[in-house]
Amino acid sequence: MPRRTLPPPPPPVHLRTWPDRSALLYDRGIALEDLRKRSLGVHRLLLLWLCALGGVIGWALLTVPLEMIEDHDVTAFVMVPLCAVLGLGALAPSVIGVVAGIRKDRKIRELTDSWLALDSHPASDSALRSPGLSLCWLLSSLAVSTLGLWASFAAAAYAEPGRDSYSDVALGMGTGLILWLTGLIGITKAVGHYRWAIRKLSPAPASMPDGAHH
């Protein structure tokens, strides 16, 4: 079974028992690769979208009572509390999942920086850039964010009085907002990873040899 817990941080200096640099680089490489997959893996992107889907379902259930009240439905007294409970039951775990994911990313970044600080090995560290995965996050999140903006503006701009109820507009705008926020989270993560890679993984500028100064 895959390990669910994050790799531990590097041991303190007085507890390090690596026999040589090769052993240190081996453990360092395993930890960094594990952290990379846990941060930018496709499963994390799918999990973000799953949370968005749960949020959309929850919001849709929360708008049902509004529609029933508008239609003067006699079953509203029973269905309104039920839909409210179901809607919150679907929306709350999605919000909690997104917040937990953001906190996990912060922890992963701290652990990655700690393992990177142990030593330098550009040949293996270059894999941490993950240009393909970060581009996947960026482009897919841009698409989701654009779809969310379109849904929000379309629900408000093209609503026809007498045909589209307030619940329809609320459903469209709420769904669009959830999608836009989901895409924004993904874009922020992709851009943040790119900036981190530039700052942490760029080779240090070579010093000029003596006598080369003018």
Answer residue from the stretch 132-169, given it is of a type in the set (Phe, Trp, Tyr) and at pLDDT 80 or above and is farthest from Leu45 (Cα to Cα) among those: Phe153
Tally, over the stretch 105-127, of residues that are basic (Lys, Arg) and either touching a Pro at 6+ places or on another chain (Cβ under 7 Å) or without any contact (Cβ under 8 Å) to a residue 12 or more places away in the chain (or both): 1
Return yes when Ser141 is open to solvent by less than 50 Å² (accessible area, probe 1.4 Å), part of a helix (DSSP H, G or I) and either out of contact with any His (no Cβ under 8 Å at 6 or more places or on another chain) or not acidic (Asp, Glu) (or both) and no when it is not. yes
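The values are calculated or read from the model by the stated rules, or taken from the named source; none is laboratory data. It should be emphasised that the depicted structure is a prediction, and the values quoted were computed from it without experimental measurement. In this analysis, Cβ positions are derived from the backbone assuming ideal geometry, glycine residues included, and neighbour counts consider all displayed protein chains. The protein model used for the area step is the full one, side chains on, heavy atoms only, and it has no ligands, DNA or RNA in it. Shrake-Rupley method; radii C 1.70, N 1.55, O 1.52, S 1.80 Å.
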